[in-house]
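This report refers to the structure that appears directly beneath it.
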Amino acid sequence: MIAKLKGLIDSTGDDWAVVDCGGVGYLVSCSARTLGRLQAGNAASLFIETHVREDAIQLYGFLETGERDWFRLLTTVQGVGAKVALSILAIAAPDQLLQIIAAQDKVSLTRAGGVGPKLALRILTELKDKAGKIALGGFAPGAVIAAAAPPPMASGRLEDAVSALVNLGYRRLEAFQAAGEAARDLDGDADASALIRAALKRLGRDLTR
């Protein structure tokens, strides 16, 4: 099992890089986020996820453990293979994925190649609890998804506020973030109307105008 490669970047392509480790070149599939930071001739250290099949050994490389851990988690969902997982990581960084799942933002996930509405819903549903185990630097048992969410309050009030903001034309993720920040400012002690007003001020609008 290969867990890490350290060497010189020999060459790169659309979704791969060749890492020269002591004269041996390893072909590694990479996310767009990782590839964008690799340059031929430069040294690099990649965290590796190794997939072994009957007909092939495939290496997937990441510059950050958080991205590798999300790759592992995404591929536990039925219908999410390595290619789809990499496409999801191309449209959202690890901290953004945590927010997307906390917000249950299906639209953002469907921006990734190979992810339709049904698969996006499955990912959100299956990872809602599991995602909390990932810290941005790796696995952290005991961490909770609430780290990306607002403080405890009646979920109905928060959802009402988010739904109202979405109906006003805001994307669900930005609505969730604004309502969450408003809830933190109000210490979780606010009704939906107060949350909406506070969130709109954060978004640059005011219902009193």
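The numbers here are math on the coordinates, done by the rules we state, and not lab data. Since this is a predicted model, take the numbers as computed values, not measurements. Glycine gets a Cβ as well: all are built from the backbone with ideal geometry, and neighbour counts include every protein chain shown.
Could you list the square roots of 5 times each eigenvalue of the Cα gyration tensor of region 1-100, that is, the equivalent ellipsoid semi-axes, sorted largest first and rounded to whole Å?
Equivalent ellipsoid of region 1-100: 22, 16, 11 Å, largest first.
Past 25 Å, Cα to Cα, is the threshold; run LYS6/LYS83; LYS83/LYS130; LYS6/LYS130; LYS4/LYS128 against it and keep the listed order. Present the calculation step by step, with values, prior to reporting the outcome.
Values: LYS6/LYS83 23 Å; LYS83/LYS130 21 Å; LYS6/LYS130 30 Å; LYS4/LYS128 29 Å.
Result: LYS6/LYS130; LYS4/LYS128 exceed 25 Å.
Looking only at Cα atoms, what is the convex hull volume of region 155-202 per residue, in Å³?
57 Å³
Rg (Å, one decimal) plus Dmax (Å, integer) for the alpha carbons of region 4-63?
10.7, 33
Using the C-alpha atoms of region 37-93, what convex hull volume per residue, in cubic angstrom, is computed?
Once divided by residue count, the hull of region 37-93 is 102 Å³.
Running Debye on region 72-123 with equal point scatterers at the Cα sites and no solvent, what base-10 log of I(q)/I(0) appears at q = 0.16, 0.17, 0.27 Å⁻¹?
Calculated log10 I(q)/I(0) at the listed q: -0.36, -0.41, -1.15.
Highest first, please rank the peptides 89-95, 125-131, 77-83, 193-199 by the mean number of other Cβ atoms sitting within 10 Å of their residues.
Values: 89-95: 18.6, 125-131: 16.0, 77-83: 14.3, 193-199: 20.3.
Final packing ranking: 193-199, 89-95, 125-131, 77-83.
5 Å is the cut-off here: which amide hydrogens, built 1.01 Å from N in the peptide plane, fall below it relative to THR110, excluding neighbours closer than 5 in sequence?
none
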